[in-house]
Amino acid sequence: MRVLVTGGAGYIGSHTLLELMAQGHEVCVFDNYSNATPDVLTRVRSLSNGVIHDYVGDVRDSDKLDEVLQDFQPDAVIHFAGLKAVGESAEKPLYYYDVNVSGTLTLLRAMARAGCKKLIFSSSATVYGEPEYLPYDEAHPTNPTSVYGRTKLMAESILSDWAAAGDDRTAVLLRYFNPVGAHASAQIGEDPKDVPNNLMPFIAQVAVGKRDVLQVFGEDYDTPDGTGLRDYIHVVDLARAHVAAIDYAANAHGARAFNIGTGLSYSVRDMVSAFEKASGQQIPTKTVPRRAGDIAVMQADASRAKAELDWEATHGLDDMAASTWAWQSQNPDGYEQR
Ligand code: WQD
């Protein structure tokens, strides 16, 4: 299929390009490089030896979207382009609604003009909010606790209503748990611009000497070691879930949500130990109070994705830690060469 990938130069987008090309799909990237660099595509091109069409543009720019959709004529769109920092979303709510919600609307209108009716959406397990039961299945009530989470849920609602309004429309809503890890080549990976918000990139920067100490946000949760439990998912498994969603969308109609996780969960301490083992480095830690808005446990019931997408995670914790370390140690400044 011909697949347009918005946000294709980002962390998850870049890994997805490689998996799509490996399965014979033709790809085109649409990215405004607000949180990525064109060097990513140089590396993906050399890893794949394939053709990647690319356009620079913002998902709120209808004219630019019309141009790429008319030129490339995609059969489907994978929509990664969006903002994802929970803390920043509380400070800049209108910016988040604009990019994540209006951006999705603008994209859908441009797709309608180009006759493209299939969309795979980069959603988040954060749409569920405080668990009423665990593991979360897709029927769990949705009650996000952040502006960011609400933008994702609103975009999901728009996509569901859009898909229901035409027989041949498909929206696949992929609710990611906690993506970590990097490609086996160590050529692409996560490259946070400022202080990392997330656990794994923070641990990786401590291991490589860029930061002194990992702050553990709370050791008084009702979990075996007192730290938060999360369902970490290797980014290559996550990328493959998008390829599975593209295959599914070829024959499905309407909107459908899928949890993309492993069904297992690990604590902050488990992640630190796995990383120390993979890197041979000590990770100094300091326990501090809980981070506002954090919940104790997030864990996926990923059985729907297995049954309907024929997808399941294959990479375990050791590989998540080892691939993160390989990427971080070989690219200490990310895509910025020293
Ligand atoms: C994991 C665990 C922290 C950093 C967030 C978003 C979510 C999704 C993924 C995009 C928690 C603890 C963390 C640190 C720590 N994003 N931690 N010290 O909060 O589960 O999810 O990222 O879609 O929407 O909310 O991930 O990696 O920030 O935290 O102790 O320096 O690590 O308290 O238990 P989270 P995370």
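No value in this document is a laboratory result; all are computed from the given coordinates. As the structure is a prediction and not an experimental result, all values here were calculated from the model. So basically every Cβ, Gly included, is an ideal-geometry build from the backbone, and we count neighbours across all protein chains shown.
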Just to be sure I follow: if Rg is taken over the C-alpha atoms of the stretch 147-282 and Rh is the Kirkwood radius over the same atoms, what is Rg/Rh?
1.05
Computed over the stretch 231-338, Cα set: Rg, Dmax in Å
17.1, 51
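Could you give the size of the charge dipole of the chain about its Cα centre, using +1 on the Cβ of each K and R and -1 on the Cβ of each D and E, expressed in debye and rounded to the nearest 20? Show your work: numbers first, answer last.
Working: 29 positive and 45 negative charges, 61 e Å.
The calculation lands at about 300 debye.
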Find the centroid of the Cα atoms in the stretch 236-272 and in the stretch 1-29, then give the distance between the two in whole Å.
16 Å
About the Cα centre, charge dipole magnitude for the stretch 193-338 (Lys/Arg +1, Asp/Glu -1 at Cβ), debye:
340 debye
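Considering every Cα-Cα pair within the stretch 124-227, what fraction, in whole percent, is farther apart than 23 Å?
Values: 2633 of 5356 pairs.
Distances greater than 23 Å cover 49 percent of the Cα pairs.
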What residue among V172, S323, A36 has its Cα farthest toward the positive end of the dipole of the chain, where the charges are +1 on Lys, Arg and -1 on Asp, Glu, each on the Cβ?
A36
Taking Cα centroids, how far is the stretch 54-124 from the stretch 127-186 in Å?
16 Å
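Hey, could you get me the Stokes-Einstein D for the stretch 7-90, Kirkwood radius over alpha-carbon pairs, 20 °C and 1.002 mPa s, rounded to whole µm² s⁻¹?
On the way: Rh = 13.4 Å.
It diffuses with D of about 160 µm²/s by this estimate.
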Any idea what angle helix 103-114 forms with the longest principal axis of the chain, computed on alpha-carbon atoms, 0 to 90 degrees, nearest 10?
30 degrees
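What number, rounded to the nearest 500 deg cm²/dmol, is the helix-based mean residue ellipticity at 222 nm of the chain, given -39500 (n - 2.57) per DSSP H run of at least four residues and division by all its residues? Don't jump to the answer; show the numbers that get you there.
Values: 11 runs with 123 residues, N = 338.
Helices in the chain give a 222 nm mean residue ellipticity of -11000 deg cm²/dmol.
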Globularity ratio of the chain, using Cα Rg and 2.2 N^0.38 Å
0.95
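Taking K and R as +1 and D and E as -1, what net charge do the other residues with C-beta under 13 Å from the C-beta of A326 add up to? Intermediate values should be presented prior to the final figure.
On the way: positive: none; negative: E190, D318, D319.
Here the count lands on -3.
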Quick check on the exposure proxy: order F121, F202 from fewest to most C-beta atoms within 10 angstrom.
F202, F121
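Rounded if a/c is under 1.5, else prolate if a/b is larger than b/c, else oblate: which is the stretch 144-183, with a ≥ b ≥ c the root eigenvalues of its Cα gyration tensor?
Since a/c reaches 1.5 but b/c is at least a/b, the shape of the stretch 144-183 is classed as oblate.
How would you rank 230-243, 82-95, highest first, on the average number of other Cβ atoms within 10 Å across their residues?
Details: 230-243: 24.7, 82-95: 16.3.
Highest to lowest by the protection proxy: 230-243, 82-95.
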